[in-house]
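Data block below; observations after.
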Amino acid sequence: EAQVTQNPRYLITVTGKKLTVTCSQNMNHEYMSWYRQDPGLGLRQIYYSMNVEVTDKGDVPEGYKVSRKEKRNFPLILESPSPNQTSLYFCASSFSKISYNEQFFGPGTRLTVL
Amino acid sequence: GQQLNQSPQSMFIQEGEDVSMNCTSSSIFNTWLWYKQEPGEGPVLLIALYKAGELTSNGRLTAQFGITRKDSFLNISASIPSDVGIYFCAGPETSGSRLTFGEGTQLTVNP
């Protein structure tokens, strides 16, 4: 089944404790992206990647890192999480950057930073 | 970056009613997208619009690309309980590499 998977789905952590949220897609998509969703703000893009070893900042990249060493994986790294990074995070992928309309989203990761 | 404003922020309706929501921007978009997010899930694409004035349907959903290229509308006819969710409009940044999303319209349908 074609899908985007994220792990973990739920995470509670403390300020300053490094964490990684994994994202994997099995559709051989070139384009992958991370979003955060906050009430009243919709979805805001954190980082995106147009291909292996190519990443770029979205609208809210501060406090996050990403890597794209393989086509299928696009982990989101929080080196030193803070409470304002408490949010619902979505990973998404599409065949190419010009088919952004066909972005497939993962099920989401709800992160709480105490 | 570009901003999209959606209204209303939330709607509470009775089953069977028609629903209308819209999305506006201060800048021109060449593509308008409408996504739906059900509780506990990621957004799913409903309709994509590529041409000013275009009217596109997907079942009971109809979306229009405004003639000014600065707005779009989504209508749902004869709503049913499974229409519940958050509806987002979205459009690509000028570079085409990023999507900007609106704040969403939360729809509740009472049986």
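The values are calculated or read from the model by the stated rules, or taken from the named source; none is laboratory data. All figures in this text were calculated on a predicted structure; none of them were measured in a lab. Note that each Cβ is placed from the backbone with ideal geometry, even for glycine, and that neighbours are counted across all protein chains shown. For accessibility, only protein heavy atoms count, side chains too; no ligands or nucleic acids. Shrake-Rupley method; radii C 1.70, N 1.55, O 1.52, S 1.80 Å.
For the protein assembly as shown, what is the charge dipole size about the Cα centre, in debye to the nearest 20, if Lys and Arg each add +1 at the Cβ and Asp and Glu each add -1 at the Cβ?
Around 680 debye, computed over the protein assembly as shown.
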Task: Cα lying deepest toward the dipole's positive end in the protein assembly as shown, options B:Q6, A:S80, A:I12, charges on Cβ - done: A:S80
Open item on the list: If DNA, RNA and ligands are ignored and the probe is 1.4 Å, what is the ranking of A:K17, A:K71 by accessible area, most exposed first?
Closed with: A:K17, A:K71
TODO: Could you state how much accessible area B:T94 has, in square angstrom rounded to the nearest 10, with a 1.4 Å probe and all protein chains kept in place?
DONE: 130 Å²
Task: Residue mean of other protein chain beta carbons inside 10 Å, A:41-50 - done: 4
TODO: Just read off the accessible area of A:E102 with the full protein assembly in place, 1.4 Å probe, to the nearest 10 Å².
DONE: 100 Å²
Task: Among beta bridges that DSSP assigns inside chain B, antiparallel share in %, nearest 5 - done: 90 percent
Task: Ranking by accessible area, most exposed first, for B:F65, B:F73 with a 1.4 Å probe - done: B:F73, B:F65
Open item on the list: Need the C-alpha centroid separation for region B:1-62 versus region A:1-66, integer Å.
Closed with: 23 Å
Open item on the list: So for each of A:83-90, B:6-13 I average, over its residues, the number of other beta carbons within 10 Å; can you give me the resulting order with the highest mean first?
Closed with: A:83-90, B:6-13
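Probe radius 1.4 Å, ligands and nucleic acids left out: which of B:I47, B:I67 has the largest accessible area, and how do the rest follow?
Reading off the accessible areas and sorting them downward yields B:I67, B:I47.
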Task: Long pairs among A:K17/A:K65; B:K36/B:K70; A:K18/A:K65; A:K18/A:K69; A:K17/B:K36, criterion Cα-Cα beyond 23 Å - done: A:K17/B:K36
Open item on the list: Not counting ligands, DNA or RNA, and with a 1.4 Å probe, what is B:L45's accessible surface area in Å² rounded to the nearest 10?
Closed with: 60 Å²
Open item on the list: Highest mean first, how do A:55-61, B:97-103 rank when packing is the count of other Cβ atoms within 10 Å averaged over residues?
Closed with: B:97-103, A:55-61
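How many Å² of accessible surface get buried when A and B come together, counting both sides, probe radius 1.4 Å, rounded to the nearest 100?
Numbers: alone 6290 and 5910 Å², together 10500 Å².
Interface between A and B: roughly 1700 Å².
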Open item on the list: Restricting to bridges with both residues inside the protein assembly as shown, how much of the DSSP beta-bridge set is antiparallel, in percent to the nearest 5?
Closed with: 90 percent
TODO: Under a cut-off of 20 Å between alpha-carbon atoms, report the aspartates and glutamates in cross-link reach of B:K51, not counting same-chain residues fewer than 8 places apart.
DONE: A:E102, B:D71, B:E93
Task: Rounded accessible area per residue of region B:4-111, 1.4 Å, Å² - done: 44 Å²
Task: Shielding of B:100-107 by partner chains, average beta-carbon count, 10 Å - done: 4
